[in-house]
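Peer 1: Mind having a look at this structure? Questions to follow.
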Amino acid sequence: MDIRETLKKMTLEEKIRLCAGKNFWETQDYKQYGIPSFFMCDGPSGLRKQEMEAATDMLGINNSRKATCFPAAVTTSNTWDKELLYRLGKAIGEEARDQRVGVVLGPGINIKRNPLCGRNFEYFSEDPVQAGMLSAEFIKGLQSEGVGCSLKHFACNSQERSRLSSDSVMDERTLREIYLKGFEIAVREAHPATVMSSYNKINGIHSSDNRKLLNDILREEWGFDGLVMTDWGGMSDRVEAFRAGNDLMMPGGSRYMEKEVVSAAKEGKLSEEDINRCCERIIKAALKAKETLEKEYKADYEKHHELATEAAEKGAVLLKNDDRMLPLRKDGKILFVGAMAENVRYQGAGSSHVNSMHLEQPVDYLKDYEYVKGCDINGDTNEELLKELKEKVAEADTVVVFAGLPERYESEGFDRDDMKMPEGHVRMIETAVKANPNTAVVLLCGSAVECDWADEVKAVLYMGLAGEGAGKACYDLLFGEAVPSGKLSESWPYCYEDVPSSAYYAKTDDALYMEGIYVGYRYYDKAKVKVRWPYGYGLSYTSFALKDFDVHGNRVSLNITNTGKYPGGETVQLYVGQNDPKLHRPLRELKRFEKVYLDPGETREILFELEDEDFVLWDEKYKIPKGSYRIEIGTSSREIHFSKDIEADGEETSVPSWQEGSWYENCSGIPTQSEWEEMLGRKHVPLKAVKGQYTMENSISQMKEHSLIMKIMYKVVEKTLAKSFGGRIDYTDPEFRMMMNSSGGSPIRTIEISAGIKEGIIEGMVDMANGHCLKGIIRMIRG
């Protein structure tokens, strides 16, 4: 097809309509022009395809077709295994072909800035290099099947509170070095077919409308030539979005701002060439999807289940193993404890939720051993269950407790209130270890939790969210059929107060990135704050020796040997740090890593090639500061085995006047807003919702405080959603809480777009909320 010739035949209105979805999951088609549509669905850890004749949603509430539920990114990132990530992406691409999906919405690589983010389970790491390199392999694997992926959420979407309207406020260096770097690596290395703009604003400009983000950086600097789409309901201003190069608004059905776009184009305020470019990219993606899906394909779901189990085993992190308690002897008298052993927490809640093809429970493999529940599945304390546990635990040689975070504690749509585990789970562990010190804990959760009990138990095995093969994976790891080789992709602090952003994270609707570049280990290592388990950490049943370290020019080499009795894997991590930097920097930053699997006695050489990129920082542009640098080899950010200083011939850096004595110089304590504003170069003034000035950017929750019509609308939304929950308005239910936050807490334009409401009705309600009742009623009637 000659796309440019086709566009000449189309009317302006047809082209604008092409740039919005046909329905919830499909793009617009024009048979008369030979333009096909293509189907999209969620899929960072497995497909969530909702057939169009069924109920559809963006939050994982309604049923979808069965698919393989692979481990969530919290577990796959802990593998540090690029080749495995490639195979996982390829398998999801195969299932997409089988289910006739043209674009898979994933992976998500937002930074794990704070442990409380409700969506951390879906993201890769607190480090952008790890996130970028692993996601690049996932994308390559998925797109090797001809299916496109959508890299998300671009960008700076690291909290769930007010995620559809919050303003992520940060300085340019933090933006470039931390929150864009992972995307840059993935785009340059893997060339994703599409990128999804995030809901939030960045420094006052919505991502969907952000020309600097979507055009200047993404397309011109990084060379991205694919399609940009909005997150579902994430369009702000369509005229600005066309100028920015945001090609596709999803979902379809609302005709949001079509009239305004037509008027802007006809009046010369919007170039029709901007619209043509967006259309061209959509048509290219549609033709590619059609070509890929022309031939019928059958995926091997049984093989993919085995892959899901392998990924769960390789992503498990052995956090503690005193007296080599693990692996367990199969002939031992073992008591297994915890409702999660029979109802395992294996995936996250929200849009990434998969209707699993073949879910296995740990108890399916533990029928030869005694099992007690310990507490209920929601984590509430149950005295009768604890009494039963006390009676059984002392009789066992060994106790294994399954515990963690039930689904209601972490989910898309809201952030956790704290880092604590449920009281029932903590008491279950404490009861077990008090009566039997030979206790191990299998931990199932999507992000770091406080583990005050960890000093008392002998072993801790962290599974993350291990996917549909969690049952077999737990069994194999506990009994030595598989050897843990995972390493943490996020630091685990002792308590939430140790987190640098703890004083202000998700405390307001705006997201203030006051800690700057000091996220995760970049902060803990520089500030010398003790952590329970550091970034990159993980034990094994076997042991490794690193030796023969050498730096020659830009080439770093060493040998690694498996010195233990088990075959196993180790991740060699290369960090770079500048000695005595003039402009403040972290103590060390990850630049390379390599996962190797070795048999007992086997030795492998590891080679890394250093590049200029490994030494740069952002100072109005990327530059290499002149000076001395440490090249470090470690097995975590706190376990550095080798170090060598080298000189870099770079540029002189300027030292800003605010730096001396500031928090950023030594990271002592918590950053203050005044210090941050000095670094930022401006005062931060949050926008307030004021009656009489409400717009489509305000939420029902904001407006209901001063508007009767919005108070009524909030109650209507609440009762409407409650129908899906047996009529119960239950904010302890994660799905209900998520749906209310995504409805009542989002800009009201999002409801118009997502629900396909005709233009005029919602606008009229906003008029009424502003006190213009007659004007609002007339507008609603016309709508």
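Peer 1: Rank Ile92, Asn200, Leu359 by how far each Cα sits towards the positive end of the charge dipole of the chain (+1 on Lys, Arg Cβ; -1 on Asp, Glu Cβ) and give me just the farthest.
Peer 2: Looking along the dipole axis, the top candidate is Asn200.
Peer 1: Oh, and also: Putting +1 on Lys and Arg Cβ atoms and -1 on Asp and Glu Cβ atoms, find which of Gly252, Ala312, Cys375 reaches farthest to the positive end of the dipole of the stretch 247-400.
Peer 2: So the residue we want is Gly252.
Peer 1: Using 0.36 nm per residue, how much length does the chain from Ala527 to Lys31 gain when fully extended, once their Cα-Cα distance is taken away?
Peer 2: In short, 172.4 nm is gained.
Peer 1: How far is it, in nm, from the label point at Asp397 to the one at Arg277 when both lie 7 Å from their Cα along the line to the Cβ?
Peer 2: Simple spin-label model gives 7.0 nm for this pair.
Peer 1: May I pose another question? Specify whether the C-alpha gyration tensor of the stretch 392-447 places it in the rounded, prolate or oblate class, a ≥ b ≥ c being the square roots of the eigenvalues: rounded for a/c under 1.5, otherwise prolate if a/b is larger than b/c and oblate if not.
Peer 2: prolate
Peer 1: On to the next question. Over all directions, what mean area does the Cα convex hull of the stretch 491-649 project, stated in square nanometres?
Peer 2: For the stretch 491-649, the mean projected area of the Cα convex hull comes to 11.0 nm².
Peer 1: Given H placed on each backbone N at 1.01 Å, which residues far from Val616 in sequence or on other chains put an amide H within less than 5 Å of it?
Peer 2: Close amide H contacts, sequence-distant or interchain: none at all.
Peer 1: Please give me the summed charge of the neighbours of Met514: other residues whose Cβ is under 12 Å from its Cβ, Lys and Arg +1, Asp and Glu -1.
Peer 2: For residues surrounding Met514, the net value is -4.
Peer 1: Over the Cα atoms of the stretch 156-258, what is the Rg over Rh ratio if Rh follows Kirkwood?
Peer 2: Reported Rg/Rh, Kirkwood definition of Rh: 0.95.
Peer 1: Between Lys284 and Leu774, 0.36 nm times their residue separation minus their Cα-Cα distance comes to what?
Peer 2: Between Lys284 and Leu774, full extension yields an extra 171.7 nm.
Peer 1: Further question: Once the mean 1/r over all distinct Cα pairs of the stretch 606-657 is inverted, what Kirkwood radius in angstroms do you read off?
Peer 2: For the stretch 606-657, the Kirkwood estimate is 12.8 Å.
Peer 1: For the pair Trp222 and Glu13, what calculated FRET efficiency results from E = 1/(1 + (r/R0)^6), where r is the Cβ-Cβ distance and R0 = 30 Å, to the nearest 0.05?
Peer 2: 0.35
Peer 1: Anything over 27 Å Cα to Cα? Flag those among Lys90/Lys458; Lys82/Lys458; Lys112/Lys330; Lys333/Lys373; Lys487/Lys565, in the order listed.
Peer 2: Among Lys90/Lys458; Lys82/Lys458; Lys112/Lys330; Lys333/Lys373; Lys487/Lys565, the Cα-Cα distance tops 27 Å for Lys90/Lys458; Lys82/Lys458; Lys112/Lys330.
Peer 1: How would you rank 32-45, 555-568, highest first, on the average number of other Cβ atoms within 10 Å across their residues?
Peer 2: So the order, starting with the most tightly packed, is 32-45, 555-568.
Peer 1: Apply the Kirkwood formula to the stretch 525-612: the hydrodynamic radius equals the inverse of the mean of 1/r over all pairs of different alpha-carbon atoms; give it in Å with one decimal.
Peer 2: 14.9 Å
Peer 1: Further, regarding this structure: Run the quick spin-label model on Asp548 and Lys367: label points 7 Å from Cα toward the beta carbon, then report their separation in nm to one decimal.
Peer 2: Between Asp548 and Lys367, the label points sit 5.0 nm apart.
Peer 1: Same structure, new question: Taking Cα atoms of the stretch 218-281, Rg/Rh with Kirkwood Rh, to two decimals?
Peer 2: With Rh from the inverse mean 1/r over Cα pairs, Rg/Rh is 0.96.
Peer 1: Taking the convex hull of the Cα atoms, report for the stretch 265-308 its projected area averaged over all directions, in nm².
Peer 2: 5.4 nm²
Peer 1: Whole Å is fine, so just give me how far the alpha carbon centre of the stretch 233-257 lies from that of the stretch 1-51.
Peer 2: Going from one Cα centre to the other spans 14 Å.
Peer 1: Under a 5 Å amide H to amide H cut-off, with H placed in plane at 1.01 Å, what residues pair with Phe39 once short-range neighbours are removed?
Peer 2: Gly102, Val103
Peer 1: May I pose another question? Report, in cubic angstrom per residue, the convex hull volume of the C-alpha atoms of the stretch 655-783.
Peer 2: Each residue corresponds to 165 Å³ of Cα convex hull volume.
Peer 1: Viscosity 1.567 mPa s, temperature 4 °C: what is the translational diffusion coefficient of the stretch 105-157 from Stokes-Einstein with a Kirkwood Rh over Cα pairs, rounded to a whole number of µm²/s?
Peer 2: D = 113 µm²/s.
Peer 1: List the extent of the Cα atoms of the stretch 719-783 along each of their three principal axes, largest first, rounded to whole Å.
Peer 2: 39, 22, 19
Peer 1: Hey, another quick one. Please report, to one decimal in angstroms, the Kirkwood hydrodynamic radius of the stretch 336-399 built from all distinct Cα-Cα pairs.
Peer 2: Taking the inverse mean of 1/r over all distinct Cα pairs, the stretch 336-399 comes out at 13.4 Å.
Peer 1: In nm, give the distance between the simple-model label positions of Asp580 and Lys269, each being 7 Å from the Cα along the Cα-to-Cβ direction.
Peer 2: 5.8 nm
Peer 1: If I histogram all Cα-Cα distances within the chain using bins 10 Å wide from 0, what percent of pairs lands in each bin?
Peer 2: For the chain, the pair-distance distribution reads 3, 14, 23, 26, 20, 11, 3, 1, 0.
Peer 1: With charges only on Cβ, +1 for K and R and -1 for D and E, what is the dipole size of the stretch 384-523 about its Cα centre, in debye, rounded to 20?
Peer 2: Dipole about the Cα centre, nearest 20: 340 debye.
Peer 1: Report the Cα-based extents of the stretch 194-345 along its three principal axes, largest first, to the nearest Å.
Peer 2: Per principal axis, max minus min of the Cα coordinates gives 81, 45, 33 Å.
Peer 1: Kindly state, to the nearest 0.05, the FRET efficiency for Lys711 paired with Glu613, given R0 = 41 Å and r defined as their beta-carbon distance.
Peer 2: 0.15
Peer 1: Could you compute the FRET efficiency for Asp376 and Glu456, with r as their C-beta to C-beta distance and R0 at 22 Å, rounded to 0.05?
Peer 2: The formula returns an efficiency of 0.45 here.
Peer 1: While we're looking at this one, here's another question. Relative to the longest principal axis of the chain, what angle (0 to 90°, nearest 10) does the C-alpha long axis of helix 128-143 take?
Peer 2: For helix 128-143, the angle is close to 70 degrees.
Peer 1: Taking 25 °C and 0.890 mPa s as the conditions, I'd like the Stokes-Einstein D for the stretch 1-151 in µm²/s, using the Kirkwood hydrodynamic radius from alpha carbon pairs.
Peer 2: The Stokes-Einstein estimate is 146 µm²/s.
Peer 1: Hey, quick one: spin label on Glu388, modelled 7 Å out along Cα-Cβ, who in the stretch 331-346 has an amide N within reach, i.e. under 17 Å?
Peer 2: The answer is 335-344, whose backbone nitrogens lie closer than 17 Å to the label point.
Peer 1: Let me ask another. Cα gyration tensor of the stretch 380-502, axes a ≥ b ≥ c as square roots of the eigenvalues: rounded (a/c below 1.5), prolate (a/b > b/c) or oblate?
Peer 2: Because a/c hits 1.5 or more and a/b fails to exceed b/c, the stretch 380-502 counts as oblate.
Peer 1: Still on this structure, I have one more. Only four residue types carry charge here, +1 at the Cβ of Lys and Arg and -1 at the Cβ of Asp and Glu. Report the dipole size of the chain about the Cα centre in Debye, rounded to the nearest 20.
Peer 2: My answer is approximately 1860 debye.
Peer 1: If the chain between Glu302 and Glu258 were fully stretched, how many nm would it gain, using 0.36 nm times the residue separation less the Cα-Cα distance?
Peer 2: Difference between extended and current length: 11.2 nm.
None of the figures in this text is laboratory data; all of them are computed from the coordinates on show. All values derive from a computational prediction rather than experimental measurement. Glycine gets a Cβ as well: all are built from the backbone with ideal geometry, and neighbour counts include every protein chain shown.
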